[in-house]
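Here's the structure, in structure tokens; my notes come after.
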Amino acid sequence: MSVTTQHTTPTELMVYRVVFALLIINKAGGLIYTRTFAPGLQKLDSNDYLILAGTFHGIHAISRSINPAPPVPPAPGNRRPPTTGIESMESSHFRLTCFQSPTGVKFLLFTSPEQPNTDVIVRRCYEVYGDFVMKNPFYSLEMPVRVEKFDRALGAYLARP
Amino acid sequence: MPAPTTATATATTNNNPPTPLDFKESDTIPLPPPKPFQPSLRHPASRKSIYDRALSRPPSSTSLPAFAHLFNTLITYHHAKSASVSEIEGRLNRAGYPIGIKMLDLLLYRQGGKAVRPTRLLDLLQFVHGVLWRGLFGRAADALEQSTSKREEYMIVDNEPVVNTYISIPKEMSQLNCAAFVAGIIEGVCDASGFGTEGVSAHWGEGDEMWPGKTIFLLRFQEKVVEREEGIKAAGG
């Protein structure tokens, strides 16, 4: 019995721990990249993706400005540190992790709730973006990302064989 | 200071302070006096720049992202100035050419007293394949081949060129290979060592699943170089 549990537990975990999708939103709220990584997901059409990105961008901006906690007095000579806005949202079937770069690009990572270390994963996606998109001379800023090596590197990191 | 007679004549007229009347007649505006030269080169804390270092010192490795940033700027500049893919490649090639001419001397100097300039075609190709590649990228190139159809053509293969690490070519210009810069370096080395080329170009090695970025550098030597090489061979050299 113990043997079977040892065999089934890792496979069950493999099934539940999934990265579903990655969206990248530029600083103006436009969707510049979308990709799904797991098979059998519910399909969204491209218009829905754009609406999702724009809506999230707005809500994120609101969440940055409504901050019930009393403001921490900044160190003399420093500006008050900005609030980060939404960092993660959880529901029964998925978790949304949001990472905003210092330049305002947002990375939205949709995973299953069981997936650990989503903040590490989304930062790694940011690194890959920095390497293969920002260092590519043929990419123009704020435009949709169509970069072959970025796709390949993300696939190697996130897609399960 | 070379001073031909005509130059002295103009120099003496320039030395005289021109009268305001002269400007009206000649319709020119006097240039402001040149500013004293102020070097913009920043020195590290030890007050030693790269030019103060001994040439024979083994090269320290450079950060790849720093290189990528410079190379990125180079490509963006030439891309904005050129109308076609072949023009970008030509411009990148010319940017690499002077580096190649200097690399030949530098690498031979660093090899120490026993090093000699490659005088035979095969020596030169092995120099490019091994010494030049190690000097530039820290590893040898992946293959060295001779064309089966043309005797003056040779190929050097790099499975994953370092300069292309972060570069993805958009579909509308899929023929472009930014390793044309490296091809220019090779051309400079060949020309500087006395093996004139008809041009060195970089091409994508297509249909390789394992190495999608495989690049073939095609070296086309001049006819007289090949003839000279065969002459030496016939004389038993």
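Values quoted throughout were computed directly from the atomic coordinates according to the rules given, and no laboratory measurement underlies them. Keep in mind that what you see is a predicted model, and the values were worked out from it rather than measured. Note: ideal-geometry Cβ built from the backbone for every residue, glycine included; neighbour counts use all protein chains shown.
For chain B, the longest principal axis of the Cα atoms and the long axis of helix B:85-110 meet at an angle of about 90 degrees.
Lysine pairs in region B:61-234 whose alpha-carbon atoms fall under 19 angstrom of each other, counting only those eight or more residues apart or on distinct chains, come to 4. Comparing mean-square fluctuations of B:Gly184, B:Gly207, B:Gly135 from a GNM of chain B with C-alpha springs under 10 Å, the top value falls on B:Gly207. Phi-derived couplings, Karplus 6.51 cos²θ - 1.76 cosθ + 1.60 at θ = phi - 60°, listed residue by residue for region A:95-102: 10, 10, 10, 10, 10, 10, 6, x Hz, with x used for Gly and Pro. Of all complete DSSP H helices in chain A, those with a Cα span along the helix axis of 20 Å or greater and a mean Kyte-Doolittle hydropathy of 0.0 or more are A:46-65. Per-residue 3J(HN,Hα) values for region B:190-204, derived from phi via the Karplus relation 6.51 cos²θ - 1.76 cosθ + 1.60 with θ = phi - 60°, read 4, 5, 5, 8, x, 10, x, 10, 8, x, 10, 10, 10, 10, 6 Hz in sequence order (x marks Gly and Pro). Axis of helix B:64-81 versus longest Cα principal axis of chain B: the two differ by about 70°, to the nearest ten degrees.
When B:Ser168, A:Ser46 are arranged by Cβ crowding within 10 Å, least crowded first, meaning fewest neighbours, the order is A:Ser46, B:Ser168. Report the residue, chosen from B:Val182, B:Val157, B:Val85, that carries the largest GNM mean-square fluctuation when chain B is represented by alpha-carbon nodes joined by springs under 10 Å. Most flexible of the set in this elastic network: B:Val85. At what distance in nm do the modelled label points of B:Lys233 and A:Thr84 sit from each other, each positioned 7 Å from its Cα along Cα→Cβ? Between B:Lys233 and A:Thr84, the simple spin-label model gives 6.7 nm.
For the pair region B:74-140 and region A:47-65, the centres of their Cα atoms are 50 angstrom apart. In terms of overall dimensions, the protein assembly as shown has a Cα radius of gyration and Dmax of 30.0, 110 angstrom. Remark: mean inter-chain Cβ contacts per residue of B:75-88 equal 1, using a 10 Å Cβ-Cβ cutoff to other protein chain atoms. Here the contact order of chain A, divided by its residue count and restricted to Cα pairs under 8 Å and six or more residues apart, works out to 26 percent.
Compute the helix-to-body angle for B:5-15: its Cα long axis versus the longest principal axis of chain B, expressed 0 to 90° and rounded to tens. So the inclination is approximately 50 degrees.
Relative contact order of chain B: 19 percent, from C-alpha pairs under 8 Å at least 6 residues apart in sequence. Given only helices, namely DSSP H runs of n ≥ 4 each adding -39500 (n - 2.57), what is the per-residue ellipticity at 222 nm of chain B, to the nearest 500 deg cm²/dmol? It comes out at -13000 deg cm²/dmol, rounded to the nearest 500.
Taking each DSSP H run with n ≥ 4 as -39500 (n - 2.57) and averaging over every residue of chain A yields -12500 deg cm²/dmol at 222 nm.
Centroid-to-centroid, using Cα positions, region B:206-237 and region B:145-186 are 14 Å apart. GNM remark for chain B: springs join alpha carbons under 10 Å apart, and the peak mean-square fluctuation among B:Pro212, B:Pro33, B:Pro118 falls on B:Pro33. Diagonalising the gyration tensor over the Cα atoms of chain A and scaling each eigenvalue by 5 before taking the square root yields semi-axes of 30, 22, 16 Å, largest first. Of the Cα atoms belonging to region B:61-234, the radius of gyration and Dmax stand at 16.2, 50 Å. The Cβ shell under 9 Å around B:Gly100 holds other residues with a net charge of -1, Lys and Arg each +1, Asp and Glu each -1.
A simple count of charges around B:Ile88, restricted to other residues whose Cβ falls under 12 Å of its Cβ and scoring Lys, Arg +1 and Asp, Glu -1, yields +1.
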